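Step one of this worksheet: look at the structure below.
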Amino acid sequence: MSASTQIILALIFAMVLLIFMLTKTKIHVFLALIITSLLTGILGGMDPIETVNTIKEGFGTTLGNLGILISFGVMMGKLLEKSGAAERIARSFLKVFGNGKEEMAVNVTGYITSMSIFCVPGFVILFPLLKVISRAKRKSIVSLAIATAGGLVLTHSIVVPATGPIGTAGIFGADLAQMMFWGIVITIPMAIALVIYARYMGKQIYRLPDESGEGWLEGDQARALTGHDIAEEQTDQEELPGTLVSFAPIIVPILLILAGTFATQAESSSFIVQSIAFLGQPVCALGISLLIAIIFLSRSMTRDQALAFMDEGIAGGAKILLIVGAGGALGTIVNASGAGDVIANYIAGTAIPPILLPLIISTLVRFIQGSGNVAAMTAASITAPIMATLGVSPVFAALAACVGSMFFSYFNDSYFWTINELIGNEKVKDQIRTWSIPTTICWAIGAVMILVLNAFFG
């Protein structure tokens with residue numbers, strides 16, 4: 001058996017075992033990735049001691065680059081959640097967009113808030129407000145839920161500074177400012193499609209909260225409410241943070257990172273340009289954002305409460321830190337074993353666009369095991385060394401892995417169940433139409449966008 005054949009067979013066996021561990025055993029994804037790294041190296045012909053040392057090196061290097069960013073992000077997200085800033089953002093967009101455009105308003109709300117808050121808690125936080133809008137505006141809760149959940153999942157999956165895209169970008173070594181810009185470009189047509197689909201599904205499944213707010217009225221019963229004057233319920237908005245301070249922790253790092261990129265490209269030695277470049281470093285930008293959140297969003301909290309919420313955020317983000325580190329270890333092993341070079345040489349001799357490789361792997365992993373973050377980072381870990389050899393843009397390769405992670409959310413995805421349980425979807429057909437189909441529409445749009453953008457700008 002040739003060395004190249006041994007390497008590829010080792011990688012295939014390790015990947016099959018990884019999928020088996022993620023779907024059929026109780027082994028945590030972190031341990032599964034480490035086991036996969038060990039098997040890829042040892043079965044591929046690497047010295048066992050060298051394999052262990054390479055795993056430690058890849059794990060440490062990856063977390064050294066990304067650990068601070070992810071930790072800052074999850075702490076800030078928890079403060080946005082607990083302070084009520086997410087609800088303030090939602091109400092601000094509803095006011096701006098006005099009557100008749102509620103789906104668009106809640107979609108943009110989800111899009112903005114998920115840059116810092118994970119999808120599931122973000123949807124749970126916003127859901128009571130969706131019920132208020134549903135009864136007051138006679139909008140089906142299904143249409144509002146699809147639009148909101150869609151906005152949340154787009155940035156959570158694709159747009160920096162959400163932690164998943166940051167982790168995927170770090171594994172590929174992609175520039176974060178470019179990831180942010182192109183991620184927004186790719187998700188705009190997805191967001192438009194989601195709003196259109198949400199309105200369509202709102203007509204197919206017309207469901208409003210009943211008077212108690214605990215049950216649902218559907219079809220003719222719900223439509224009968226249109227003859228009644230149901231006043232819009234209001235929460236005590238005086239207890240919510242102001243609009244400016246609610247948006248600031250999300251907008252400030254985006255502006256700083258973009259400004260820092262331009263300052264770096266200017267190659268000027270002036271104090272002002274160098275200061276902007278310094279503040280625009282992702283670590284500095286997210287650090288400043290976290291300070292803003294601590295100073296302005298924790299005013300109504302005691303010191304112990306604020307610290308406890310941030311600790312809670314770190315605890316919730318620990319899984320992502322471990323997955324990112326283990327993913328970096330796997331990528332380092334793929335590179336060190338020579339598997340990356342072998343696969344790259346094979347792809348170079350075929351008509352397969354290399355940019356599709358991370359998208360296809362991410363899509364398969366997503367469909368099999370359900371987690372979008374795991375899918376994107378696993379695909380990044382496997383393909384990053386290959387993409388580098390083929391000269392593929394690390395930005396578009398990372399975005400391809402992120403897009404693949406959106407494919408057909410269904411029963412193995414906790415977000416799927418969160419959405420359908422909250423809006424009262426009991427029929428499998430309705431569950432699939434409500435969430436599996438729109439995520440697949442986004443995946444298809446994203447795949448086309450990746451191919452087009454990579455062809456012109458890659």
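The values are calculated or read from the model by the stated rules, or taken from the named source; none is laboratory data. Because the structure is a prediction, the values reported are computed rather than measured. All Cβ positions, even for glycine, are placed from backbone atoms using ideal geometry, and neighbour counts span all protein chains on display. SASA here: full protein model, heavy atoms, side chains in, ligands and nucleic acids out. Shrake-Rupley method; radii C 1.70, N 1.55, O 1.52, S 1.80 Å.
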**OP:** Sorted from largest down, give the three principal axis spans of the alpha carbons of segment 311-353, whole angstrom values.
**Re:** 50, 23, 6
Subject >> Mean separation of Cα contacts under 8 Å, 6 or more apart, over the residue count of the chain: relative contact order % >> reply: 22
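Give me the mean projected area, in nm² to one decimal, of the convex hull enclosing the Cα positions of segment 250-299.
Values: hull surface 13.2 nm².
Across all orientations, segment 250-299 yields a mean hull projection of 3.3 nm².
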**OP:** Pop the C-beta distance of residue 275 and residue 224 into the FRET formula with R0 = 56 Å and round what comes out to the nearest 0.05.
**Re:** 0.35
Subject >> Fully extended contour minus Cα-Cα distance, from residue 95 to residue 312, at 0.36 nm per residue >> reply: 74.9 nm
**OP:** Output the pairs from 95/429; 24/78; 82/429; 101/319; 203/427 with a Cα-Cα distance over 27 Å in this structure; if there are none, say none.
**Re:** 95/429; 24/78; 82/429; 101/319
Original post:
Extent of the chain along each principal axis, from alpha carbon coordinates, in Å, largest to smallest?
Top reply: 77, 57, 44
Original post:
So who's got an amide H within less than 5 Å of the one on residue 217, skipping anything under 5 residues away but keeping other chains? H placed 1.01 Å off N, in plane.
Top reply: 208, 210
**OP:** Check the straight Cα-Cα distances from residue 137 and name the aspartates and glutamates below 13 Å, setting aside those fewer than 8 residues away within the same chain.
**Re:** 102, 103, 229, 232, 233
**OP:** Enter the accessible area per residue of the chain (Å², integer; probe 1.4 Å; all protein chains in place).
**Re:** 42
Original post:
Which whole-number percent gives the relative contact order of segment 1-128, counting Cα pairs below 8 Å spaced six or more residues apart?
Top reply: 19
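What number, in percent, do you get for the relative contact order of segment 250-299 if the mean sequence gap of Cα pairs under 8 Å and at least 6 apart is divided by its residue count?
42
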Original post:
At a 1.4 Å probe radius, carbon and sulfur cover how many percent of the accessible area of segment 17-120?
Top reply: 65
Subject >> Distance in nm between pseudo-label sites at residue 255 and residue 412 (7 Å out along the Cβ direction from Cα) >> reply: 4.3
Original post:
Ignoring ligands, DNA and RNA, what percent of the 1.4 Å accessible area of segment 250-299 is carbon and sulfur?
Top reply: 74
